[in-house]
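Data first, discussion second: the structure below is written as structure tokens.
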Amino acid sequence: MNTETVDISCELQEETGFAYTLSLVSGKYKMIILYSLTGATPVVRFNELKRRLGKISFRTLSLTLKELESDGLIIRKEYPQIPPKVEYSLSERGQSLIPVLDMMCEWGNVHSNDPLN
């Protein structure tokens, strides 16, 4: 086995910038939720997010939103009224991640039609 490969793979498993970023966006819905909050209406209510994402369960959406909030990527604003009103938006930190996600999309668009080797 190549020594460089071992060093790189060990590095990726440790606390690197790559590993940290990946930990923030890994998961089936996190990137989709972040993109949903960059649209024409940057403030979105829970049920609207649920409609945009389709088959996600209420529990999964709720847990994922809590994770994104605890990571400082989204802002949750709760209004004291009945029925409860909660809105979600991107934080500055979350907004700074969008160019990275955009670059991933661009790469996918360019390479999605590449023939497999």
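The values are calculated or read from the model by the stated rules, or taken from the named source; none is laboratory data. This structure is a prediction, so every number in the text was calculated from the model and none was measured. Heads up, the Cβs are rebuilt from the backbone with ideal geometry, glycines too, and the neighbour counts pull from every protein chain shown. Quick note on the areas: whole protein, heavy atoms, side chains included, nothing else; ligands and nucleic acids left out. Shrake-Rupley method; radii C 1.70, N 1.55, O 1.52, S 1.80 Å.
Of G54, G108, Q95, which is farthest along the charge dipole of the chain in the positive direction, counting Lys and Arg as +1 and Asp and Glu as -1 at C-beta?
Result: G54.
In percent, how large is the relative contact order of segment 10-117, given Cα pairs closer than 8 Å and 6 or more residues apart?
24
What helices does the chain hold that run 27 Å or longer along their axis, going by alpha-carbon atoms, with a Kyte-Doolittle average of -1.0 or more, using DSSP H for the helix calls?
Span-like helices here: 92-111.
Would you mind finding the longest exposed-site-free stretch of the chain, with exposed trypsin sites (Lys or Arg not before Pro) meaning DSSP loop and at most 15 other Cβ atoms within 10 Å?
56-117
Run the reach check for K55 against lysines, Cα to Cα strictly under 21 Å, same-chain hits fewer than 8 apart removed. What comes back?
K28, K30, K66
Please return the longest range in the chain lying between exposed loop sites, taking GluC sites (Glu not before Pro), DSSP loop only, at most 12 other beta-carbon atoms within 10 Å, and leaving the sites out.
Longest run free of exposed loop sites: 16-117.
Accessible area per residue for the chain in Å², computed with a 1.4 Å probe and the full protein assembly in place, what is it?
Heavy-atom accessible area per residue stands at 73 Å².
Counting Lys and Arg as +1 and Asp and Glu as -1, each charge on the Cβ, what is the dipole of the chain about the Cα centre in debye, to the nearest 20?
It comes to approximately 1080 debye.
Give the shape of the chain as rounded, prolate or oblate, defined through the alpha-carbon gyration tensor: a ≥ b ≥ c are the square roots of its eigenvalues, a/c under 1.5 means rounded, and otherwise the shape is prolate if a/b is larger than b/c and oblate if not.
prolate
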